[in-house]
Amino acid sequence: MVMPQVSYWSAAAVRALPFDGKRYETVHGELLVTPAPAGFHQPLVTRLMLAIGGYLQAGGVEGMLTSPADIIYGEDTLVQPDLLVCDPEEFFRSGNWEDVKVLHLAIEILSPSSLRADRFTKRRVYQEQHVPTYWVVDPDNRQVEVWTPEAIFPRVEGESLTWRHPEIEAECRIDLAMLFAR
């Protein structure tokens with residue numbers, strides 16, 4: 001496949017690319033390309049999805065979604081968090097990713113090919129968009145960076161994570177030893 005020589009990428013241009021198994025995103029016009037995840041990435045996605053999904057279900061709330069998910073924040077910014085919790089009415093009403101603007105939680109699981117984009121480029125987008133909680137899951141170091149919109153540095157968790165959906169009184173607790181168990 002011959003890719004056009006584009007130095008500034010719009011969300012529309014990224015969405016027009018043919019499917020080739022890679023993840024394409026653009027942040028403020030910068031194209032981010034990562035291969036399909038390998039190794040421990042997918043088991044971590046599944047474990048987090050089950051833990052958070054169970055918490056949401058027990059609280060009578062929906063909104064857990066997984067990538068691919070084209071979250072568009074303007075003409076030049078399209079990101080695909082590995083996992084996200086949003087207000088599902090926005091998505092279910094139309095079925096269009098363009099309608100999902102409010103994320104309660106965004107999660108990225110680090111891979112060697114996504115390290116810079118997840119920790120720096122995409123993190124800044126989530127902060128700019130006031131996503132209340134952004135988790136950067138680091139399987140190699142068995143820890144999670146917890147970012148908030150105002151944070152200059154993350155809070156690093158090595159034992160457990162807690163998170164609360166705004167419509168649920170109880171907290172979701174995730175034991176990191178269990179999450180990272182192989």
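The values are calculated or read from the model by the stated rules, or taken from the named source; none is laboratory data. Values in this document were obtained by computation on a predicted structure and should not be read as measured data. FYI the Cβ positions are ideal-geometry reconstructions off the backbone, even for glycines, and counts take in every protein chain you see. Side chains are part of the model used for accessible areas, which takes the heavy atoms of the whole protein and leaves out ligands, DNA and RNA. Shrake-Rupley method; radii C 1.70, N 1.55, O 1.52, S 1.80 Å.
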Helix 41-58: inclination vs the chain longest Cα principal axis, degrees, rounded to 10, gives 60
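For the chain, what is the convex hull (Cα atoms) projected area averaged across all directions, in square nanometres? Walk me through the numbers before you get to the answer.
Working: hull surface 42.2 nm².
So the mean shadow area of the Cα hull is 10.6 nm².
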The local net charge around residue 173, scoring Lys/Arg +1 and Asp/Glu -1 for residues other than residue 173 whose Cβ lies under 13 Å from its Cβ, equals -3
Residue-ordered couplings for region 73-86, obtained by feeding phi - 60° into the Karplus form 6.51 cos²θ - 1.76 cosθ + 1.60 and rounding to whole Hz (Gly and Pro as x), are 10, x, 5, 10, 9, 9, 10, 10, x, 4, 9, 8, 10, 10
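In region 46-97, what percent of the accessible surface is made up of carbon and sulfur (1.4 Å probe, ligands and nucleic acids excluded)?
Carbon and sulfur: 51 percent of the exposed surface of region 46-97.
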The correct ranking of 122, 101 by accessible area at 1.4 Å, largest first, is 101, 122
Expected max-MSF residue from 123, 155, 93 in the GNM of the chain (alpha carbon, under 10 Å) is 93
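Skip the ligands, DNA and RNA, and give the accessible area per residue of region 1-132 with a 1.4 Å probe, whole Å².
Working: 6500 Å² over 132 residues.
Heavy-atom SASA per residue in region 1-132 reads 49 Å².
Pop out the carbon and sulfur fraction of the accessible area of region 104-182 as a percent, whole number, probe 1.4 Å. The partial results should precede the final answer.
Numbers: 2120 of 4230 Å².
Carbon with sulfur: 50 percent of the solvent-accessible area.
I'd like the per residue volume of the convex hull spanned by the Cα atoms of region 26-109, given in cubic angstrom.
Values: hull volume 7.3 nm³, N = 84.
Dividing the Cα hull volume of region 26-109 by its residue count gives 87 Å³.
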A student applying the Cα gyration tensor rule (rounded when a/c is under 1.5; otherwise prolate if a/b is larger than b/c, oblate if not) would label region 20-66 oblate
Per the helix-only model, the chain has a calculated mean residue ellipticity at 222 nm (DSSP H runs of ≥4, -39500 (n - 2.57) each, divided over all residues, rounded to the nearest 500) of -6500 deg cm²/dmol
The simple spin-label model distance between residue 8 and residue 89, using points 7 Å out along Cα→Cβ, in nm, is 3.7
